[in-house]
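Right, one structure below, let's go through it.
The values are calculated or read from the model by the stated rules, or taken from the named source; none is laboratory data. Treat the numbers as computed from the prediction; the structure is a model and nothing was measured. As a convention, Cβ positions derive from the backbone with ideal geometry for all residues, glycine included, and neighbour counts pool all protein chains shown.
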């Protein structure tokens with residue numbers, strides 16, 4: 001039997017963090033402080049794919065839950081000392097004074113307190129900040145697990161929440177949808193002063209029609225490119241055939257005083273027709289774009305652009321009926337075979 005509270009808990013391994021700044025050292029205090037930069041600060045695995053200072057990452061959210069967002073208060077010596085949702089918070093307090101724990105606190109305890117940013121001195125002093133924790137997959141980077149990015153920017157949080165809400169309202173999910181996480185320059189006016197800052201932006205390289213179709217596909221169907229079949233691999237045919245050379249067999253013995261006739265070099269058999277003998281799925285079984293692309297690559301093994309040309313469209317977003325598109329493909333291939 002499963003153990004309640006243990007067997008039902010699932011956690012994806014965290015591979016690392018993507019940061020929005022670098023650490024600098026204060027010349028006055030000697031303490032480290034974060035300095036914002038206009039690129040994602042990543043480890044070598046991510047740099048190997050996206051370069052030294054990437055401003056754009058291809059991501060997937062593994063689940064449909066929205067990113068965690070909390071009010072968090074940090075201490076230089078104790079780390080996280082208060083975490084709240086705007087109504088209640090768990091605070092590390094000094095048992096002697098009942099106030100927020102500090103460097104000099106000898107005995108401390110976690111205590112539930114009310115949480116109101118408008119009436120919180122720590123929030124007014126910017127010791128407490130709103131923080132969003134983004135956890136996502138980087139499908140092009142090695143490793144099995146999630147990457148985490150934290151931001152306390154009001155504008156970044158609004159941008160991310162707005163994009164995810166729009167996506168979820170339109171197609172009903174956010175998980176396993178190919179997205180681009182970007183750092184973009186944006187004009188803001190904090191305290192009435194206009195300035196430019198770099199904030200997070202969540203975008204998709206596809207139309208909403210394409211996204212709706214991708215939502216029905218597996219992640220592998222979305223990200224795997226069609227195979228390249230224009231060139232034969234080097235080990236498919238012997239070098240003599242690829243170079244069009246005739247190989248003369250070595251003869252070491254005469255038969256009846258006469259050399260035996262040279263056997264012609266056998267040519268590789270012609271590839272069988274993709275139409276004859278194939279058990280094609282019926283058009284009515286092709287329900288969506290994913291079914292269509294899978295059938296095309298399985299039976300014809302040609303670039304996807306060839307299928308679009310047969311159907312008579314420029315983009316897969318223009319395919320309104322996947323079953324009808326498959327019918328056109330079969331008719332065109334059958335006609336070509338009989339010509």
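I need a count of the residues in region 282-299 that are surrounded by fewer than 19 Cβ atoms within 10 Å (Cβ to Cβ) and in a loop (DSSP other than H, G, I, E, B).
Within region 282-299, residues that are surrounded by fewer than 19 Cβ atoms within 10 Å (Cβ to Cβ) and in a loop (DSSP other than H, G, I, E, B) number 3.
Residue 156: under 22 Å from residue 35 (Cα atoms) and in a helix (DSSP H, G or I), yes or no?
yes
Check whether at least one residue in region 38-50 is part of a strand (DSSP E or B), surrounded by 11 or more Cβ atoms within 10 Å (Cβ to Cβ), without any contact (Cβ under 8 Å) to a residue 24 or more places away in the chain and not assigned by TED's automatic domain parsing to the domain that holds residue 126, and report yes or no. Full working, then the answer.
Residues of region 38-50 part of a strand (DSSP E or B): 38-41.
Still in the running and surrounded by 11 or more Cβ atoms within 10 Å (Cβ to Cβ): 38-41.
Okay, now just the ones that are also without any contact (Cβ under 8 Å) to a residue 24 or more places away in the chain, so 41.
Restricting the remaining residues to those that are not assigned by TED's automatic domain parsing to the domain that holds residue 126 gives 41.
Scanning region 38-50, I find at least one residue that is part of a strand (DSSP E or B), surrounded by 11 or more Cβ atoms within 10 Å (Cβ to Cβ), without any contact (Cβ under 8 Å) to a residue 24 or more places away in the chain and not assigned by TED's automatic domain parsing to the domain that holds residue 126, so the answer is yes.
Report whether or not residue 161 is more than 22 Å from residue 70 (Cβ to Cβ), out of contact with any helix residue (DSSP H, G or I) (no Cβ under 6 Å at 6 or more places or on another chain) and not in a strand (DSSP E or B).
Judged against the criteria, residue 161 is not a match.
Could you say which residue among 302, 331 is in contact with a helix residue (DSSP H, G or I) (Cβ under 8 Å, 6 or more places away or on another chain) and either crowded, with 17+ Cβ neighbours inside 10 Å or not assigned by TED's automatic domain parsing to the domain that holds residue 210 (or both)?
Of the residues listed, the single one that is in contact with a helix residue (DSSP H, G or I) (Cβ under 8 Å, 6 or more places away or on another chain) and either crowded, with 17+ Cβ neighbours inside 10 Å or not assigned by TED's automatic domain parsing to the domain that holds residue 210 (or both) is 302.
Here is a check on your reading of the model: is residue 23 assigned by TED's automatic domain parsing to the domain that holds residue 196 and part of a loop (DSSP other than H, G, I, E, B)?
no
Just to be sure, is residue 117 surrounded by fewer than 18 Cβ atoms within 10 Å (Cβ to Cβ), in the same structural domain as residue 82 (by TED's automatic domain parsing) and touching a helix residue (DSSP H, G or I) at 6+ places or on another chain (Cβ under 7 Å)?
It is true that residue 117 is surrounded by fewer than 18 Cβ atoms within 10 Å (Cβ to Cβ), in the same structural domain as residue 82 (by TED's automatic domain parsing) and touching a helix residue (DSSP H, G or I) at 6+ places or on another chain (Cβ under 7 Å).
Tell me which strands (runs of 3 or more DSSP E) are completely within region 54-147 and hold 1 or more residues being under 32 Å from the mean Cα position of the chain (by Cα) and modelled with pLDDT under 90, or say none if there are none.
Fully inside region 54-147 and qualifying: 68-75, 79-84, 128-136.
Take residue 149 and tell me if it is buried (at least 19 other Cβ atoms within 10 Å of the Cβ), touching a strand residue (DSSP E or B) at 6+ places or on another chain (Cβ under 6 Å) and touching a residue at least 12 places away in the same chain (Cβ under 8 Å).
Against the criterion (buried (at least 19 other Cβ atoms within 10 Å of the Cβ), touching a strand residue (DSSP E or B) at 6+ places or on another chain (Cβ under 6 Å) and touching a residue at least 12 places away in the same chain (Cβ under 8 Å)), residue 149 qualifies.
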